[in-house]
Ligand SMILES: *Cc1c(COP(=O)(O)O)cnc(C)c1O
């Protein structure tokens, strides 16, 4: 055998690339059903719990935008999968964010999807100001009014939006939601559809006044085709691209320090 043994990471990248091709075809089909352009739908690959090898495989497969739900986990992977100074990777924070972690996120995440309350927005803007950046964010809306989920209620969304728009170091560019879990006998997409529609209606109301309110971050592995039919501009996909997840967040080996901002960039 002369150097033909494929590296495992190459195999993983091939597997992700073929899943990605399938996902892109499904997005294109959903777009065709409603007369949208597939180029208007961005894919964020949600890499939470996966180790850096899987992140590298996702990038090798052509993905550029990565989503994490925990700040420490995002920082640990940023350190191990550094950018190349131009073409990404672009990290998205899609999970719940505590105000005391806002300082670690600003200037590192390209987009924070999960701003659901004023106090968090205030802290992000303050910390972004200290870091000398304008942080792009989405407002998370708890469309199903599910007590287990973060986000503001639909009826408070425009009020929160007006507040966040006035903050000097945030740029608010759309809305995000996670619909309630479907019942076991329900079709996940159809169960989510009314929630996606609610988010879109709210976004349309906001966009009438502020054209930069363009984004709708909605749709996960089980329901992204319906989300695209309902207007998603960003789908957040984990399992369908990267396979099943472990139960625990990725942690770097003991003794590896969490990076400082300078080291990340
Ligand atoms: C985990 C997660 C996803 C991806 O979930 P899949 O069902 O694996 O596609 C998307 N969005 C958020 C906020 C998540 O936490």
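The values are calculated or read from the model by the stated rules, or taken from the named source; none is laboratory data. As the structure is a prediction and not an experimental result, all values here were calculated from the model. Neighbour counts run over all protein chains shown; Cβ positions are idealised from the backbone, glycine included.
When each of 162, 201, 145, 173 is tested for being surrounded by fewer than 19 Cβ atoms within 10 Å (Cβ to Cβ) and in a loop (DSSP other than H, G, I, E, B), the lone residue that passes is 145. Only one entry in 106, 94 is surrounded by 23 or more Cβ atoms within 10 Å (Cβ to Cβ) and more than 16 Å from the ligand (Cβ to nearest atom), namely 106. Sort out which residues of region 176-198 are crowded, with 20+ Cβ neighbours inside 10 Å and assigned to a loop (DSSP other than H, G, I, E, B), and write them in order of number. If the condition is that a residue be crowded, with 20+ Cβ neighbours inside 10 Å and assigned to a loop (DSSP other than H, G, I, E, B), then 177, 178, 179 are the ones that fit.
Residue 115 satisfies every condition listed in (1) away from the ligand (no atom under 16 Å from the Cβ); (2) closer than 24 Å to residue 152 by Cα except (1). If the condition is being near the ligand (Cβ under 10 Å from one of its atoms) and either surrounded by 13 or more Cβ atoms within 10 Å (Cβ to Cβ) or at pLDDT 95 or above (or both), then region 235-265 contributes 235, 236, 237, 238, 239, 240, 241, 242, 243, 245. Close Cβ contacts (under 8 Å, 6 or more residues apart or on different chains) running from residues in region 111-122 that are farther than 24 Å from residue 42 by Cβ and at pLDDT 95 or above to residues that are more than 13 Å from the ligand (Cβ to nearest atom) and assigned to a strand (DSSP E or B) comprise 117/152.
Among the residues of region 67-84, are any assigned to a strand (DSSP E or B) and within 26 Å of residue 151 (Cα to Cα)? There is at least one residue in region 67-84 that is assigned to a strand (DSSP E or B) and within 26 Å of residue 151 (Cα to Cα). For region 38-54, a residue qualifies if it is over 23 Å from residue 176 (Cα atoms) and part of a helix (DSSP H, G or I), and the qualifying residues are 52, 53, 54.
Scanning region 36-52 for residues that are in contact with a helix residue (DSSP H, G or I) (Cβ under 9 Å, 6 or more places away or on another chain) and buried (at least 18 other Cβ atoms within 10 Å of the Cβ) gives 36, 41, 43, 45, 46, 47, 48, 49, 50.
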